[in-house]
Amino acid sequence: MPQHIGIVACSAEGAALCYRTTCVEGAQLLGLHAHPEVSMHTHSLAEYMGCIYRGDWEGVGELMLASADKLARIGADFLICPDNTIHQALPFVEPRSPLPWLHIAEVVAEQAGERGFRCLGLTGTRWLIESEIYPDKLTARGLEFVRPTPAEGEEINRIIMDELVRGVFKPAAVAQFQRVIGRMKDAGCDAVVLGCTEIPLIMNDSNSSLPTLDSTRLLAQAALRRAVRGAAGASG
């Protein structure tokens, strides 16, 4: 049997896309209609945002740990978090976690390297863009990156927090991302990281001037591979 995937969710739209991808694409590895056992837990997004607005990343970590403990108790073998921003709390989480985690930025950086990209544009919430979550993982693999300008970052953050996490998808939001990605292409980027798990709900390779690295689906696909590989290792 494949290993049991635990999803530590934060915002509903991104978590739902990750969950759906895990279930639907499981068939590619396991056969028609098949996917690993998947469990998900989330606190209210308001609890997470209260900590984030205060800059309380240890508080974010406590919420993540509470989810991790519940998922461990019901049998999950490892954990993923389909929220880029709260990965900033992982240094507080991992030493006390009952289970191992896949790191979303590590998954994206690995894919970027495999596809031969050299310089990535970063998109996401302002907390993500201002953090070292992606820069640390990219530079470790010899990859360069370009952040949004402050004005671009503020508008992207507004779109994510006021629209995307609420399930609101507007043509104006797509146009804004297209402008930012176009500037990043002019700045030398050869791909763009969709570094908020809701961004793939409006942006993809068909409407982006750069190839996209869909952090949500890449994480789900990495979890599927680990679930199958881990089961094979256990049986061996």
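The values are calculated or read from the model by the stated rules, or taken from the named source; none is laboratory data. Not measured: the values here are computed from a predicted model. Ideal geometry is used to build each Cβ from the backbone, glycine not excepted, and the neighbour counts take in all protein chains shown. Ligands, DNA and RNA are stripped out before the accessible areas are found, and what is left, the full protein with its side chains, is counted by its heavy atoms. Shrake-Rupley method; radii C 1.70, N 1.55, O 1.52, S 1.80 Å.
Check the range 54-73 and report whether any residue there is closer than 29 Å to LEU210 by Cα, among the hydroxyl-bearing types (Ser, Thr, Tyr) and at pLDDT 95 or above.
No: the range 54-73 contains no residue that is closer than 29 Å to LEU210 by Cα, among the hydroxyl-bearing types (Ser, Thr, Tyr) and at pLDDT 95 or above.
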Worksheet entry | Tabulated pairs, the range 144-170, first without any contact (Cβ under 8 Å) to a residue 12 or more places away in the chain and among the hydrophobic types (A, V, I, L, M, F, W, C), second part of a helix (DSSP H, G or I) and open to solvent by 30 Å² or more (accessible area, probe 1.4 Å), C-beta under 9 angstrom, 6+ apart or interchain | VAL168/ASP162
Discussion item. Show me the strands (runs of 3 or more DSSP E) entirely contained within the range 122-236 in which 2 or more residues are surrounded by fewer than 19 Cβ atoms within 10 Å (Cβ to Cβ) and modelled with pLDDT of 95 or more.
Written reply: 144-146
Worksheet item: Would you pick out the residues in the range 13-29 that are of a type in the set (S, T, N, Q) and closer than 17 Å to GLY195 by Cβ?
Response: THR21
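Determine if the range 19-39 includes at least one residue that is in contact with an Asp or Glu (Cβ under 7 Å, 6 or more places away or on another chain) and either at pLDDT 95 or above or open to solvent by 40 Å² or more (accessible area, probe 1.4 Å) (or both).
no
Quick one: would you say GLU106 is among the charged types (D, E, K, R), surrounded by 15 or more Cβ atoms within 10 Å (Cβ to Cβ) and assigned to a helix (DSSP H, G or I)?
When the stated conditions are applied, GLU106 passes them.
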Discussion item. With the structure loaded, tell me whether LEU90 is open to solvent by less than 10 Å² (accessible area, probe 1.4 Å), modelled with pLDDT of 95 or more and not small (Gly, Ala, Ser) or whether it fails that test.
Written reply: yes
